[in-house]
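Input: a single structure, listed below in structure tokens.
A short reminder: the numbers here are calculations on the coordinates, not readings from a lab. These figures come from a predicted structure and were not determined experimentally. Cβ placement follows ideal geometry from the backbone for every residue including glycine, while neighbour counts extend to all protein chains displayed.
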Amino acid sequence: FLDRDGVVNVQAAYNTGPNAMQLVRGAASAIARLQERGVKVVIVSSQACVGKGYLLTSHVHAVMDRMCAMLREEAKADRTRSTGDLYHLAQPDCIIFSVGAGDKAVHPSYQDVSGAKPSPAGLLKGAECLGLGKRFRGYMVGDRVTDLEAGHAAGCKTVLVRTGVGQQ
């Protein structure tokens, strides 16, 4: 399980769109190497920006699409430097995101934060989508304490990276 902002991509401003997407250096090759070893990769992201009224859900989907395209492009470029054919990898097996904003929600339908980290709901949903069962073994890689808390709550081992907020 990978957090998105600060782990896969450079932490962006709240209201930036797909054109502002920048990958963390090496993200595509890291994802491709995991998948080459049979590891399923799930992106789990809290996107309260939707619930707060900064962006539409369709905007988040466009950003995710751009992220996937950039991962493909970077992995394809890495392919020329490696012996493996990894460019078809480097794509998340599943992407889960929540949009709840609690008391900052612009509409009551966006108040529910039960899917946002530190809740393990996104990780559990990702495991369910991939048919991993309730007793899956996994890792949660994040740049924030809430990422690690979600991982612990889901029974995962956790890794704090020194990208994004993790630099601090």
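Sort the following peptides by mean Cβ neighbour count (other Cβ atoms within 10 Å, averaged over residues), highest first: 129-136, 24-31, 153-160.
Descending packing order for the listed peptides: 24-31, 153-160, 129-136.
What is the order of SER109, SER119, fewest Cβ neighbours within 10 Å to most?
Details: SER109 10, SER119 19.
Ascending Cβ contact count within 10 Å gives the list SER109, SER119.
Note down the magnitude of the dipole of the chain about its Cα centre, charges +1 on Lys and Arg C-beta and -1 on Asp and Glu C-beta and zero elsewhere, to the nearest 20 debye. Working shown, then result.
Numbers: 20 positive and 15 negative charges, 72 e Å.
Its charge dipole is roughly 340 debye.
Given the pairs LYS40/LYS76; LYS117/LYS157; LYS76/LYS157, which are separated by over 25 angstrom at their Cα positions? All intermediate terms of the calculation are to be shown ahead of the outcome.
Details: LYS40/LYS76 19 Å; LYS117/LYS157 15 Å; LYS76/LYS157 30 Å.
Listed pairs above 25 Å: LYS76/LYS157.
Taking N as the number of residues in the chain, what is its alpha-carbon radius of gyration divided by 2.2 N^0.38 Å?
On the way: Rg = 15.6 Å, N = 168, 2.2 N^0.38 = 15.4 Å.
Taking N as the residue count of the chain, the ratio is 1.01.
Can you tell which of GLU74, GLU149, GLU128 shows the greatest fluctuation in a Gaussian network model of the chain with Cα springs below 10 Å?
Checking each option, the largest mean-square fluctuation is seen for GLU128.
Of LYS104, LYS117, LYS125, which has the largest mean-square fluctuation in a 10 Å C-alpha GNM of the chain?
Comparing LYS104, LYS117, LYS125 in a Gaussian network model of the chain, the most mobile one is LYS104.
How big is the gap, in Å, between the Cα center of region 135-150 and the Cα center of region 88-122?
15 Å
Counting other beta carbons within 10 Å of each residue's own, what order do LEU55, LEU123 fall into, fewest first? Show your work: numbers first, answer last.
Details: LEU55 19, LEU123 24.
Exposure proxy ranking, most exposed first: LEU55, LEU123.
So how do ASP112, ASP5, ASP143 line up by other beta-carbon neighbours within 10 Å, fewest first?
On the way: ASP112 15, ASP5 21, ASP143 24.
Result, fewest neighbours first: ASP112, ASP5, ASP143.
List the aspartates and glutamates whose Cα lies under 18 Å from the Cα of LYS125, skipping any in the same chain that are fewer than 8 positions away.
Correct list for LYS125: ASP3, ASP93, ASP112, ASP147, GLU149.
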